[in-house]
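Q: Below you'll find the structure I mean.
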Amino acid sequence: MLILLTNDDGIYAPGLAALERELSRLGEVRVVAPAKEQSGVGHSITYLTPLIAKEVFDGEQHWGWAVEGSPADCVKLGITQFCPRRPDLVVSGINSGLNVGINVLYSGTVAAAIEGAFFRIPSFAVSLEFHEQAPYNKAARIGRALIEQVLEKRGTEPQLYNINIPKAALDSTPEVRTVPMDVTQYGERFEKRIDPWGRAYYWATGTPPPVMSEQETDLSAIAKGFVTLTPLDFNLTKQSVLAEMQPWQLRLENDVDAEAGSPGDRRLQRRVVASTRKQQQVTPGQQD
Ligand code: MN
């Protein structure tokens, strides 16, 4: 089995190294990870600038590729450039910090797994509750054991999963719950502070909300100390509303005559033409 491993904490993160060691028990692992931390970048990609990738060594041995880009960039490059063939599995993590509730949508860790799922490859995001001296080896064993079992059950049919491990699960025999993602809003809190020059600045604190829903979710199960496993989907179309909208008969005017534009549009056009002419007049060597 060929496994592409990435993360959003960067190529030197201890969670990545721990997962690399564990996943090596399942197959051949290729590491392609961001050169710098990319937490919270979501599913951003790099396309206005080139992507630089540098080889990272462990002693004399090639260990992986460090990419000056996002986690999603790493998966795209990893699959198309750095894997000798199409990988059988994409894993992202272990992230330092949980990716539960709506945080799933801000997460670079989860975005990398979603990118793997775009390629129709089974993909997993693995996150551990933030902990100063996090025992990543223990968390990596839990992650690997779950991935192995899910693959046995599902086969290699492409599917996307989110695994979260609370601190409490590392101190006893861990138990797992398969639960949905919580969608309660949170993270609206900011701490206002004053810098040395008397200017205000703001720091997002974003603590999780109190668990309200009756149904067990990733947030409530994590609060009880369970490891959580959530199947995800990236299809954002709301099918129920789409069906409801079919009889709406929405119409747009045929406004060909209005194409000439409003006086405002014409003013804008003149300005664009003028600035284009100005640019054309400047030839190399004449710039000041
Ligand atoms: Mn992170």
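Q: State all residues of the range 70-107 that are closer than 23 Å to P180 by Cα, touching a strand residue (DSSP E or B) at 6+ places or on another chain (Cβ under 8 Å) and within 16 Å of the ligand (Cβ to nearest atom); if no residue qualifies, say none.
A: Scanning the range 70-107 gives V91, S92, G93, I94, N95, S96, G97, L98, N99, V100, V104, S107.
Q: Hey, can you tell me all the residues within the range 136-158 that are touching a residue at least 24 places away in the same chain (Cβ under 8 Å) and not in a helix (DSSP H, G or I)?
A: T156, E157, P158
Q: Could you check A35 against (1) under 19 Å from E148 (Cβ atoms); (2) in contact with a strand residue (DSSP E or B) (Cβ under 7 Å, 6 or more places away or on another chain) and say which number it fails?
A: If we test A35 against (1) under 19 Å from E148 (Cβ atoms); (2) in contact with a strand residue (DSSP E or B) (Cβ under 7 Å, 6 or more places away or on another chain), just (1) comes out false.
Q: Name, by its number, the condition in (1) within 19 Å of V110 (Cα to Cα); (2) more than 16 Å from the ligand (Cβ to nearest atom); (3) open to solvent by less than 70 Å² (accessible area, probe 1.4 Å) that does not hold for W65.
A: (1)
Q: Search the range 108-129 for residues being closer than 21 Å to P180 by Cα and either at pLDDT below 95 or not hydrophobic (A, V, I, L, M, F, W, C) (or both), and hand back the single one that is farthest from the ligand (Cβ to nearest atom).
A: Per the criteria, the residue is P122.
Q: So E148 fits all but one of (1) within 16 Å of the ligand (Cβ to nearest atom); (2) loosely packed, with under 15 Cβ neighbours inside 10 Å; what number is the exception?
A: Only one criterion is unmet by E148, namely (1).
Q: Scan the range 98-130 for residues that are open to solvent by 10 Å² or more (accessible area, probe 1.4 Å) and small (G, A, S) and jot them down.
A: A117
Q: Tell me the strands (runs of 3 or more DSSP E) entirely within the range 1-80 that contain at least 3 residues that are farther than 18 Å from P122 by Cα.
A: Qualifying strands (runs of 3 or more DSSP E): 53-58, 61-67.
Q: Would you pick out the residues in the range 20-45 that are surrounded by fewer than 19 Cβ atoms within 10 Å (Cβ to Cβ) and either within 16 Å of the ligand (Cβ to nearest atom) or polar (S, T, N, Q) (or both)?
A: Those that are surrounded by fewer than 19 Cβ atoms within 10 Å (Cβ to Cβ) and either within 16 Å of the ligand (Cβ to nearest atom) or polar (S, T, N, Q) (or both): S24, A35, K36, E37, G40, G42, H43, S44.
Q: Does N164 satisfy the criteria of being touching a residue at least 60 places away in the same chain (Cβ under 8 Å), open to solvent by less than 50 Å² (accessible area, probe 1.4 Å) and among the polar types (S, T, N, Q)?
A: When the stated conditions are applied, N164 passes them.
Q: For A17, only one of the following conditions fails: (1) of a type in the set (G, A, S); (2) open to solvent by 20 Å² or more (accessible area, probe 1.4 Å); (3) in contact with a strand residue (DSSP E or B) (Cβ under 8 Å, 6 or more places away or on another chain). What is its number?
A: It fails just one condition, (3).
Q: For the range 81-97, name all the residues that are open to solvent by less than 20 Å² (accessible area, probe 1.4 Å), closer than 17 Å to V31 by Cβ and part of a loop (DSSP other than H, G, I, E, B).
A: Answer for the range 81-97, where residues must be open to solvent by less than 20 Å² (accessible area, probe 1.4 Å), closer than 17 Å to V31 by Cβ and part of a loop (DSSP other than H, G, I, E, B): C83, P87.
Q: Given the conditions (1) touching an Asp or Glu at 6+ places or on another chain (Cβ under 8 Å); (2) within 16 Å of the ligand (Cβ to nearest atom); (3) open to solvent by 80 Å² or more (accessible area, probe 1.4 Å), and given that Y12 satisfies all but one, which numbered condition is not satisfied?
A: Only one criterion is unmet by Y12, namely (1).
The values are calculated or read from the model by the stated rules, or taken from the named source; none is laboratory data. In this text, all values refer to a predicted model and were calculated from it rather than measured experimentally. Methodologically, a virtual Cβ is constructed for each residue, glycine included, from the backbone with ideal geometry; neighbour enumeration extends over all protein chains shown. Side chains are part of the model used for accessible areas, which takes the heavy atoms of the whole protein and leaves out ligands, DNA and RNA. Shrake-Rupley method; radii C 1.70, N 1.55, O 1.52, S 1.80 Å.
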